[in-house]
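The values are calculated or read from the model by the stated rules, or taken from the named source; none is laboratory data. A quick note: this is a predicted structure, and the numbers were derived from the prediction, not measured. With ideal geometry, Cβ positions are generated from the backbone for all residues, glycine too; neighbour counts draw on all protein chains shown. Each accessible area value is taken on the protein alone, full model and side chains, heavy atoms only, with ligands, DNA and RNA left out. Shrake-Rupley method; radii C 1.70, N 1.55, O 1.52, S 1.80 Å.
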Amino acid sequence: MAAVPPRTAAAAAARAASSLRVPGAASRGDASRFLSAAPRRLILPARPRWTAPCGLSAPRPFSAAGGGDALRGMIDEYASRKMTSVSLETLMATGRGEYLHRTGHGDAASPDGCSAQATAAVLAQVASFLRRELPVRLAHRVRDLEGVPILNSMPSVMEVRGIYVRSLEEMAACPMDVASTPEGEEKFARMLEEIYGRHAGVLVTMARGAFELRKGIREGTVDLGGSSICDTREDGEMDFERMSDMHAFLDRFYLSRIGIRMLIGQYLSLRQPEVNDYVGTICARTSPYEIVQQATDDATFMCARKYGDAPEVVISGGTDMTFPYVPTHLHYIMLELIKNSMRATVEWHGVDSDYPPIRVVIADGNENEDVVVKVSDEGGGIPRSYMDRIWSYLFTTADPAVQEGMVAFGEDADHSIDSPLAGLGYGLPISRAYARYFGGEVSIMSMEGFGTDAFVYLTRLGKSREPLP
């Protein structure tokens, strides 16, 4: 059993600042330093604005609400095609070159194959897949953004549609054989760097759109036009947290966004110098214990910044266990759960109290079907009537002024230790989306008046395919 004592805010901040890199960054070092506070943009060399990476003219300006017959036809054509689901196992095997007749970087079947630098053949194979797949995924999201009632008219959602349309146009304009030469593959990679950076702020921009909807309905500036998108409570007030159609749309949108960023991030990371145990962004020996420790440091910094102190975190169970996973995904999940437990514990017991520890248990056992992590706190629990709301993208206990400030903050605010301890209210549903992306789950059980247990289930073998919407 390992106790992780509360860190001072300064020490935790220094540690956090030293780990803001992920596989695929411009400079590399010890793999443990790449477990960032959350999935962030790849840190890539600064480049000029769009420079026709596929040998094409720069895309023409367009209206996010329109686009013309040619654009409409292109969106419909790609959106009519079926998306191709991938698994963690497939991504690792492809990165190792196991689907090529020659890998060019050692024995792909050996344990050390995962640490060898990707060959030109591997990069060409992955780039060719992305050229076929990404326009289809982007088009599906454009059509979904156009079809969601009321929300599609919010300025921020129209802005997001514009981002997706621009990226779709750029992808569709690239020749199908763009990766047939090293020069073409290099240009394709530069374009994907642009797309990856352009989409970095989409989560917060979409949150701003939901905020605009709530504010507009409450102020009477948004006309529902008889739409049943908003349920009502017995008192006649809008029940934003139970807007089932809206949440189904947001679940699809964010799960798809995770998939798009995973595919692009994996490809860009494969183009970087090798890091031990990594295949792109995937670590073949991910340590839940190390990630929980780093998430604890980050959560402690956030909690101490707000309250001046933080509860102790005690970690037990399989502290030496490793399995293949994406460390930044797991870090995001664990940071969200631990900071929620810290906040609940401090607010339930009061500032300057002797806080009961938060206990994290990592289920060990090589024969277990899943890797399971439990986070337990004595933070007063959650009322049963609120349990369905904690998974809502439109529910937050944060002060309205804080939430309004968050949607105006930096583009990656919701993925940063610089954000408030309680912000947009997206933390839990996004954490569950990250877990579900590779076949896992996040569940919450609570005892009102005592505390809450959160369970993270992650598939051990990585065979589960993306649950594409």
message = Quick check on residue 172: is it buried (at least 20 other Cβ atoms within 10 Å of the Cβ) and in contact with a helix residue (DSSP H, G or I) (Cβ under 9 Å, 6 or more places away or on another chain)?
response = no
inquiry  = Quick check on residue 370: is it acidic (Asp, Glu), in contact (Cβ under 8 Å) with a residue 12 or more places away in the chain and open to solvent by 30 Å² or more (accessible area, probe 1.4 Å)?
reply    = yes
Considering residues of region 283-293 that are out of contact with any strand residue (DSSP E or B) (no Cβ under 6 Å at 6 or more places or on another chain) and crowded, with 24+ Cβ neighbours inside 10 Å only, the residue farthest from residue 270 (Cα to Cα) = 291
query = Restricting attention to region 74-96, which residues are in a loop (DSSP other than H, G, I, E, B) and either in contact with a Cys (Cβ under 8 Å, 6 or more places away or on another chain) or open to solvent by 20 Å² or more (accessible area, probe 1.4 Å) (or both)?
reply = 80, 81, 82, 83, 84, 85
task = For residue 146, state whether it is modelled with pLDDT of 95 or more and farther than 17 Å from residue 263 by Cα.
result = yes
task = Kindly check whether there is at least one residue in region 302-310 that is surrounded by fewer than 24 Cβ atoms within 10 Å (Cβ to Cβ), assigned to a strand (DSSP E or B) and in contact with a helix residue (DSSP H, G or I) (Cβ under 7 Å, 6 or more places away or on another chain).
result = no
task = Evaluate region 46-64: report whether one residue or more is of a type in the set (D, E, K, R) and either modelled with pLDDT of 50 or more or surrounded by 17 or more Cβ atoms within 10 Å (Cβ to Cβ) (or both).
result = no
ask   = When you scan region 350-363, how many residues do you find that are out of contact with any Ser or Thr (no Cβ under 6 Å at 6 or more places or on another chain) and touching a residue at least 12 places away in the same chain (Cβ under 8 Å)?
value = 7
note = Residue pairs within 6 Å by beta carbon, gap of at least six or interchain, first lying in region 163-182 and more than 17 Å from residue 253 (Cα to Cα), second assigned to a helix (DSSP H, G or I) and polar (S, T, N, Q), listed first then second, are 179/128
note = From the option list 446, 376, 385, single residue qualifying as part of a helix (DSSP H, G or I), open to solvent by 10 Å² or more (accessible area, probe 1.4 Å) and either at pLDDT 85 or above or more than 18 Å from residue 330 (Cβ to Cβ) (or both) is 385
ask   = Which condition number does residue 410 fail, the rest of (1) out of contact with any His (no Cβ under 7 Å at 6 or more places or on another chain); (2) at pLDDT 70 or above being met?
value = (2)
request  = Any residue in region 247-260 that's polar (S, T, N, Q): show its pairings with residues that are buried (at least 21 other Cβ atoms within 10 Å of the Cβ) at Cβ separation under 6 Å, as long as the two are six or more apart or on different chains.
outcome  = 256/141
